[in-house]
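No value in this document is a laboratory result; all are computed from the given coordinates. Because the structure is predicted, anything quoted here is derived from the model rather than measured. Cβ placement follows ideal geometry from the backbone for every residue including glycine, while neighbour counts extend to all protein chains displayed.
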Amino acid sequence: MKNLDFSTFPVIKTFRLVLRELSAQDALQIHALRSDPKIAAMTGRTPSTGIEDALAHIYKIGKLIENNASIYWSISLLDNPSLIGTICLWNFDTENAIAEIGYELLPDFQGKGFMREAIAAVINYGFEELKIKTITAFPSANNISSVKVLKMAGFKRDSKVYPNSHDDSVDNMVTFSLTLPE
């Protein structure tokens, strides 16, 4: 796995999306995303209670990126800079070239193939640029849409135990992984 250095933020463009750096201007949409009760239930986190929470989250993410502990993109449409979701690679295991993918999308944009497009771009970035060998994901089995998008991206259900920080926060958590072919 390549040495992690996110000092130059990697903006990624796809057919319909821009994956860009998160900024304070995204606070309203981050609050909407992180306060949605359905999304909070599937991610095992306490819902955001206001813009202050969103700004604190944006600051925390900025520090993680600065410390090369995570790369976290805001997902926007090519023709509209407003955040519609987020996607990240984190929980890096540099010794074994493993990273975890995480993602979330505002409800109005779900079911339109946006996350599938973003995941494909991030998988490519992880394998090609970071030289990751395995990408893991830990969705709730109850989150049928998330499981479906992972399977469409080539992830397989995995019984192997990978390091993660979810403890018991995600209800009915399952493990998926995608390994770069040798």
Exercise for the section: Loop only per DSSP, at most 11 neighbouring Cβ atoms within 10 Å: give me the GluC sites (Glu not before Pro) in the range 1-97, ordered by residue number. Expected result: Glu95
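Below 8 Å between Cα atoms, with a sequence gap of 6+, how large is the relative contact order for the chain in percent?
Reported as a whole number, the value is 22 percent.
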Exercise for the section: Sum up the lysine pairs in the range 12-179 that clear both bars: alpha-carbon distance under 16 Å and a spacing of 8 or more or different chains. Expected result: 4
Exercise for the section: Calculate the dipole size of the range 1-92 relative to its Cα centre from +1 charges on Lys and Arg beta carbons and -1 charges on Asp and Glu beta carbons; express the result in debye to the nearest 20. Expected result: 240 debye
Practice task
Considering only DSSP beta bridges where both residues belong to the chain, give the percentage that are antiparallel (nearest 5).
Solution key: 90 percent
Problem - Neighbour-count ranking [beta-carbon atoms within 10 angstrom, fewest first] of Thr46, Thr8 - result: Thr8, Thr46
Exercise for the section: Would you please give the residues with an amide H less than 5 Å from that of Asn68, counting only those at least 5 places away or on a separate chain, with H modeled from the backbone geometry? Expected result: Phe6
Practice task
Determine ³J(HN,Hα), in whole Hz, for all residues of the range 139-146 in sequence, where each value follows from phi through the Karplus function 6.51 cos²θ - 1.76 cosθ + 1.60 and θ = phi - 60°; x replaces Gly and Pro.
Solution key: x, 6, 4, 6, 8, 4, 5, 5
Problem - Cα-only radius of gyration and Dmax that characterise the range 81-131, units Å - result: 12.4, 39
Exercise for the section: Please get the size of the charge dipole for the chain, origin at its Cα centre, with Cβ charges of +1 on Lys and Arg and -1 on Asp and Glu, quoted in debye to the nearest 20. Expected result: 500 debye
Handout entry: Cα pair distances in the chain, grouped into 10 Å bins until the bin that holds the longest one, percent each
Key = 9, 39, 41, 11, 0
Handout entry: Order of Trp73, Trp90 under a 10 Å beta carbon neighbour criterion, fewest first
Key = Trp90, Trp73
